[in-house]
Structure formats: structure tokens, C-alpha cells
Amino acid sequence: METSKPKLYLQLFLTMLKIGAFTFGGGYAMIALLENEFVSKKKWIEKDEFLDMVAISESTPGPVAINSATYIGYKIGGIFGSVCATVGMVIPSFVIIFAISLFFDKFISLDYVAYAFKGIQICVAYLILMAGIKLFKQLKKDAFSLTILISVIAAMLLSSVFAVNFSTIFYILICGTAGVAAYLIRKLTEKGGKDR
């Protein structure tokens, strides 16, 4: 990363601006694009760190896309880098929503707009599915990770089937607590083994 600071900030801003402008469906749809841009192309962050970033972005308050942009910006360019990345990510959504709000009723009644949104919905579902598959491939396949994954999938399916309203926030909190508990147990076990 031998680029000068102003050039780096501009690159961060323009990259996030591009991703923000051409991604529909929110943060989950952006995950694949973020990984392609920052892990595969620019190699600014490693795959393991990208997985951690997704987990942190999902766990902290706010939209996943903006949290991801802030994290990547801070990692690459410090505080000003995080500002550039976040502003770059926010501008396209703000401009598009503002423009639509000016003539929303006329805009939504147009037939070709409705058809365009139907096509976009399919694309968004595909992007989210591909992001999920990529993240699953990079997941450590140990017993703990697979148990958590299967438990959450089963709980979500059962909640949908039986129409139980269970917030995803609780899934995140439960899984985070389980992860911390597993880490502490592992550390205590390793410490107990060394003391002997």
C-alpha cells in the first residue's frame, strides 16, 4: 500500500461510491461486491479479516453496508479513511431516495418501474445467496461453528413455520454469547492443562 494518503482517500471514496451506486438490496447484497473489491482485487484485507468485519458489521447498530464501509475505511486509512468510505457509501442512496421522494407517486405508478423492481428483486436474492455461500465456504468447519450454524437455521425455519416473531437481534446476541463462552472455556482448559 504505497499510495499517498490523498490518493488512498480518493480511492476509498470512489470505490465505496461505485459499490453504493450499483448495489440494490442493502448490505447483504453488497457483501459479495465488498469482498471482490477489497479482498480479491485490491488485496487491502485478508479473507479471515473480511469474515470478522462482516460479523462485526452485523452485530453493531446501523446498516451492514455503512458499518462495513466504516470498518474498511478505518482499517485502510484511519479516521479520515473511515469518513471518506462512509460518505462514499451513503451519497448514492441519499441522492436516489431524495430524487424518488420528489415524484414518488408518479414514479411508483409507472409500469416499467414495477417490472424493473421485479427484476432487481431476483438479482438481490441471487447476490445475498452468493454472499452466504462464499461466507459458508470460508467458515471454519469445526464442531462448534457447525452446531451454531445448524441451530440458527433450524430456529429460523421453526420460527417461520410456526409464525413465531423472534428478532434476529436475539440470534446475534445468543450466538455472540455462545462464542465468548466457548472462547473462555477453551482458554481455561488450556490454562488448566499448562498448570498441570
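The values are calculated or read from the model by the stated rules, or taken from the named source; none is laboratory data. This is a predicted model, so every value here is computed, not measured. Using ideal geometry, Cβ is built from the backbone for each residue, glycine included, and neighbour counts are taken over all protein chains shown.
Side notes on the structure shown:
- Residues of the range 15-46 satisfying the condition of being within 13 Å of ILE76 (Cβ to Cβ), of a type in the set (A, V, I, L, M, F, W, C) and either in contact (Cβ under 8 Å) with a residue 40 or more places away in the chain or part of a loop (DSSP other than H, G, I, E, B) (or both): MET16, TRP44, ILE45
- Taking (1) surrounded by 13 or more Cβ atoms within 10 Å (Cβ to Cβ); (2) outside any helix (DSSP H, G or I) in turn, ILE91 satisfies each apart from (2).
- For the range 43-82, taking the residues that are small (Gly, Ala, Ser) and modelled with pLDDT under 85, the one that is surrounded by the most Cβ atoms within 10 Å (Cβ to Cβ) is identified as ALA65.
- Flag for PHE117 being over 24 Å from VAL39 (Cβ atoms), hydrophobic (A, V, I, L, M, F, W, C) and outside the structural domain of CYS175 (by TED's automatic domain parsing): yes
- When ALA116, ALA99, ALA85, ALA131 are checked against the criterion of being surrounded by 11 or more Cβ atoms within 10 Å (Cβ to Cβ), more than 30 Å from TYR9 (Cβ to Cβ) and among the small types (Gly, Ala, Ser), ALA116 stands alone in meeting it.
- Hey, ALA32 under 30 Å from ILE148 (Cα atoms) and of a type in the set (Gly, Ala, Ser) or not: yes
- Residues (out of contact with any Phe, Trp or Tyr (no Cβ under 8 Å at 6 or more places or on another chain) and either among the charged types (D, E, K, R) or surrounded by 12 or more Cβ atoms within 10 Å (Cβ to Cβ) (or both)) located in the range 180-190: ARG186, LYS187, GLU190
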